[in-house]
1. So for segment B:187-206 (the condition being more than 12 Å from every other protein chain (Cβ to nearest Cβ), farther than 24 Å from A:H628 by Cβ and over 23 Å from the mean Cα position of the chain (by Cα)), does at least one residue qualify?
2. Among the listed residues A:K388, A:K374, A:K404, identify the single one that is in contact (Cβ under 8 Å) with a residue 12 or more places away in the chain, more than 21 Å from A:W316 (Cβ to Cβ), touching a Ser or Thr at 6+ places or on another chain (Cβ under 8 Å) and not hydrophobic (A, V, I, L, M, F, W, C).
3. Tally time: how many residues in segment A:439-470 are over 27 Å from A:G266 (Cβ atoms) and surrounded by 19 or more Cβ atoms within 10 Å (Cβ to Cβ)?
4. Since A:A627 meets every condition but one in (1) farther than 21 Å from A:E550 by Cβ; (2) within 14 Å of chain B (Cβ to nearest Cβ); (3) surrounded by fewer than 23 Cβ atoms within 10 Å (Cβ to Cβ), which condition does it not meet?
5. Has segment B:426-434 got at least one residue that is in contact (Cβ under 8 Å) with a residue 60 or more places away in the chain, over 22 Å from B:E273 (Cα atoms) and not in a loop (DSSP other than H, G, I, E, B)?
6. In segment A:209-222, what residues are touching a residue at least 40 places away in the same chain (Cβ under 8 Å) and either assigned to a loop (DSSP other than H, G, I, E, B) or under 21 Å from A:F93 (Cα atoms) (or both)?
7. Looking at segment B:100-119, can you tell me whether even one residue there is within 20 Å of B:A172 (Cα to Cα) and among the hydroxyl-bearing types (S, T, Y)?
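The values are calculated or read from the model by the stated rules, or taken from the named source; none is laboratory data. These figures come from a predicted structure and were not determined experimentally. Virtual Cβ from ideal backbone geometry, glycine too; neighbours counted across all protein chains shown.
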Amino acid sequence: MSIISLTIDGLDIEVQEGTTVLQAARKAGLSIPTICDHKDLSPYGACRMCVVEIEGVRGFPTSCTTPVTPGMQVTTQSEQLSTLRNCTLELMFSGHPNSCLKCPHRELCEEERPQATKAARTTRCGFCANRDECELREMALDSGLNELDLPTIYSAHKLERDDPFMDRDYNLCVLCGRCWRICEKIHGKPAINIIHRGKWARIGTAFDKSHLDSGCVFCGACVDICPTGTLTDRFARWQGKPDQSVATTCQLCPQGCSVQAQSKDGQLQAYTMPGFDKEDRLCLLGRFGAAQILSSSKRITRPLVREGDDLIPVDWDYAYQTISQGLLDANGTTVFLISETTSREERYLYARLASSVQGLLLSCTTEAGPDDPKIQELAASIEQGKVKAVVTNGFFISKEILNKTAFSLVIDCMESELLETAQAVLPAAVLCETQGSYRSADGTVKQLRQCSQAPGDARPEWQIVCSLAQSLGKEGFEFDVLDAVTRLVDNDAPPAALEKDPRENSREIVTRFRGHYVADIVPSLAAFDVPVTLANDAGDGRKKGFALLEKQEIVPNMHFLTIEAPQVARFAQPGQFAILMARETSERSPFTLVDWDKEQGTISLVIEEVGRSSRELASLRAGEHIAHVSGPLGLPMTIENTGTVFLGGGCYGIGAIYPLARAFKEAGNRVICAIEAASSYLLYRQDELAEVCDHLLVGTKDGSLGIHGGIAEIVSAISKQEQIDQCVIIGCTFMMRMVTKLTKSLNIPTQVALNPIMVDGTGMCGACRVSIDNQTQFACVDGPIFDGHSVDWDELALRRSAYRRQEVQALPQTVDLNALMHSHSGGCGCGRKND
Amino acid sequence: MKSTNESVSEVPQKAKGRVKIPRQPMPEQDPRRRRTNFEEVPRGYSEEVAMLEASRCIQCKKPGCVQGCPVNINIPAFIKEIAEGRFVQALGKLKEYTALPAVCGRVCPQESQCESRCILGKKGEPVAIGRLERFAADYARQNNGVPENRHASPTGKKIAVVGAGPAGITVAGELVSRGHEVVMYEALHLAGGVLMYGIPQFRLPKEIVQYEINSLKNQGVTIHTDYVIGKSETVDQLLAMGFDAVFIGTGAGLPSFLGIEGENATGVFSANEFLTRANLMRAIDFPRFATSPVQAHRAVTVGGGNVAMDAARTALRMGAESTIVYRRSREEMPARGEEIHHAEEEGVNFHLLTNPVRIVTDENNQVTGVECLQMELGEPDSSGRRRPVPVEGSEFIVPADTVIIAIGNKPNPLVPQTSPEIQTSKWGTILANEETMMTSKPGVFAAGDIVSGAATVISAMGQGKIAAGAIHSYLSK
């Protein structure tokens, strides 16, 4: 291939023939904006952001699809190009919700908004989970685009949750085509493509089948390459941008695929592909399962020692002491059952320990379990008293057989029935919580690097084995660093390769990790017919408690629930709230009452799905039960005839102002209701509100409907037209704060419904204390409605973030992510029904 | 069950000989080990040790211990049953007086009640009444031994019990066994009150509380949880609904704060919140249970009562360096001696004669320490305790990222707020006749912390017992 010379923006450049103008420009260090282009994809020319001027060429060709020719004169920056690109961007944003750019309060909000996204965050315009990483937004900010003048035409798609592992919000899609192109590149025949034409064009599967039925193998490449928040990993969705990315190796099966581990605050978010080529692809267990395994609530987190019927948590020294005594007392052959997916160093140390105690090491394959012939043989030896003690680093043996040994030690990451009979249990750090090397089935030695923190007291097995050996008085285990062990490992055999490649077929993934059925840990795997043995945590409690009569996702992430709770319904008054616990293990979370029916004994609530508790509630289906509903709580709003009452609601507050509007109207007031949302398609219950007020006004942060802005803008507009005698504002802390600041200057008495962290809701704990006029008050019994001009907002905002970290940590735990899959129960409003 | 005759035969039969048996120590979890777990600290007597300890009781004709007991348990009678190996019958004797023997055996301050009156204590050590009570209850629970219930024919009377804490449980137990219909209302999602939310697992396993609640249900008591009387029905409405009497045992559920600068900072908790998260909401099992635990590294607990000990020891178990700040000296601490001793053993630091004057915070309003004043003891105050006086210029800062305020509780306002006819004191406690526990409203009774302010489980039970007796006579009129 020959070298071609050309000039771009006056720079003389030499590149290989076949290079595109875009590539040439990048090589020269010039930046041309683009969204559909990706270094690992072939040129596509869809977004038209990368247009350039080429001397002698008519119009504005896209640089990503134009190959260089000798002597080409290219201009990448000009006024005309800027205008053109801005027009293109504007067109894109007229179909893509853009409050993240256009909201008049964006900068202020950024300051108020804590980094991690979670339930107690101060501002709540949370329709897109990808804000911190959105390439589209970044491009718009770089372009200096200030005005978005085109009208917005959003498609208002329902959030798609029919499939395991992924949430798809096509409201955010700009049709860059990266997803189906990467799918085609990796799998040959793409499972997805652009369906429909023109205005109705969108990404989808053939015949609108679910991804599961359309041949998708859930490699996750589309999620990782999507430049917007359209395609998201349901597990990591609200966790925010990863702060660490490490190249390591997946240990879930003998294949040992290279992965890029991504974590935030020491918690693994996902194993992603190290690149976007066919050989980089991962199986669904690696891509979506690894993080769920590490953050499973079934992890063992503390050393445990048996005392009678109980396993008692103890410190490490005590555990080692007890274990070495136990092994000595067993006085006979010890067998070590070690998973073949254990790191080379750890297998070496286990073997060394086994031989130093004249024991035996059995290597257990990925799919090995208690029924394995090798284990059956061992069981017989234990019965005959030939084997006195067992050390296992997985669930490879039944609890009954383990119980027949004189001593048994489990060194593992996950709880199993073995905990019922084991004499001692030590918590192990696994996968990317530890380091070392791994020999994959093809014989290659690959690096294991740390990217995640082990839970609780868990430690790497190499440390555990060394300490245990030392406590047994064995020599040759004095290793401070792992490298010293690595140097000793020699001639280790690679594990047996899997018969079929799990990356080719989603039904071929390994079903066990260290003997534990993976579907017991990663519930969504049930969708792939992987064996499940444990009853799901989520199952219990759904049959007891308060009946959930109706559940609708009225707008993405916002759920409307109607619950049978007569004792609340009969006494409910405007302004009060109820405390809900989806399950016995849930938090007590307060939600404002949106409506109630005294005769029917029902209450209705609006729940925004952000934190774990709200997710748990959202995962329930009509006909199931909510474990606990308690209320009505808080003092009701004082309803008097004051003249003109302005009620402003944002987010869940749109629902919350409804009963207030009705009561103020009944009391003879002129009632003006104002509602705000990031975008028009996120507004809800407008018809219901319109019925109980004299005037309904709408504000959107992107200007897609009504006034451009929020409640603050509406208040300031209305107050110029007529006198407002009373103002009541319900919404995120940030919005309430902003509006009260404004009404203070306008001299309008203003009340707000505060939403601090609460536990019991009956005055008992004091978590919800707020400063009103420098006096401490409890929002649950003295509020939640307070004079907005007397609130210490700084304190409130800071107190709300007190558990930020834990909330993010709790987010993925135990929530039955499988249940969050959209179920056509008839209550979802889509008209379809399952079965 | 082992043959009991053998063990008995080992016991010297003459009273004189028996007295020589030393008080049997309670087996306890090693402090070094227990500070990392939430398992119960005292492990309980074995059958043999219980019988040996029971044999120490000389069965006084005029037993002082019974007078010392707020619910007047016939202590010699139940101890005799244990001494003779009839453990289930021993529980039967206890159940005649207390609804919660397994609880009282664990959390009562016996050293200042029954055991302080034991005649053996005059010259040596008193009989370990509390440990024996616990043994009898645990034995029956673990061996499914159910003592015969007292059966009474239904009276047709219906009582509403508001609040399922120690007082309410006592009242419910007493009244249901006298043939009345009892309906309990509990605001939280689990019945038990402070036994569930306040007292930690390592002092009172929650399974025991739920066992006792279940046995109430088995006796026919209806319990509505998630039911907030005062927000749903008021007391008046309960009476109108056909209840013949209403008992209010809603407790002291409104935490007091110091009223010092910085107290609303992030990282300052009431002991109620701290303990409720850990116990009722089971944050100690986070993330299996969704409620966030308080992740403390340096926890400072302010106060010197049992609740302060519970909070400090819980913080310790959750991995924090745990310090108690108390403005008087160790002698004045209202906590039980055993609790203070356990806390010391486990490594809780004590800053005594230290008075917090300000919470120090960083720019994010997060706690970084507690500014304290050194105190010295002055003249005795109205409580008879020597009043602490500040040493001038002695300010110093105890570093902390978590501050737990354990200085007491005020009565919960939910019921009094909505029942204006029921007279309350200026502190918000309900005024009740000491002999009947009847409030100013006929047919409405109250007992426990809602009447006495913040006191102990057993005193609430004692008052509950008085109230139950009075309700029974009121209904029998």
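1. no
2. When all the criteria are applied, what remains is A:K388.
3. Count: 2.
4. Only one criterion in (1) farther than 21 Å from A:E550 by Cβ; (2) within 14 Å of chain B (Cβ to nearest Cβ); (3) surrounded by fewer than 23 Cβ atoms within 10 Å (Cβ to Cβ) is unmet by A:A627, namely (1).
5. yes
6. Scanning segment A:209-222 gives A:S210, A:C216, A:V217, A:F218, A:C219, A:G220.
7. For segment B:100-119, residues within 20 Å of B:A172 (Cα to Cα) and among the hydroxyl-bearing types (S, T, Y): absent.
Per-residue answers, yes or no, for (1) without any contact (Cβ under 8 Å) to a residue 24 or more places away in the chain; (2) within 20 Å of A:I718 (Cβ to Cβ); (3) surrounded by 23 or more Cβ atoms within 10 Å (Cβ to Cβ):
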{"position": "A:I639", "(1), (2), (3)": "no, no, no"}
{"position": "A:T644", "(1), (2), (3)": "no, yes, no"}
{"position": "A:G649", "(1), (2), (3)": "no, yes, yes"}
{"position": "A:L660", "(1), (2), (3)": "no, yes, yes"}
{"position": "A:G668", "(1), (2), (3)": "no, yes, no"}
{"position": "A:A674", "(1), (2), (3)": "no, yes, yes"}
{"position": "A:A677", "(1), (2), (3)": "no, yes, yes"}
{"position": "A:Y681", "(1), (2), (3)": "no, no, no"}
{"position": "A:A690", "(1), (2), (3)": "yes, yes, no"}
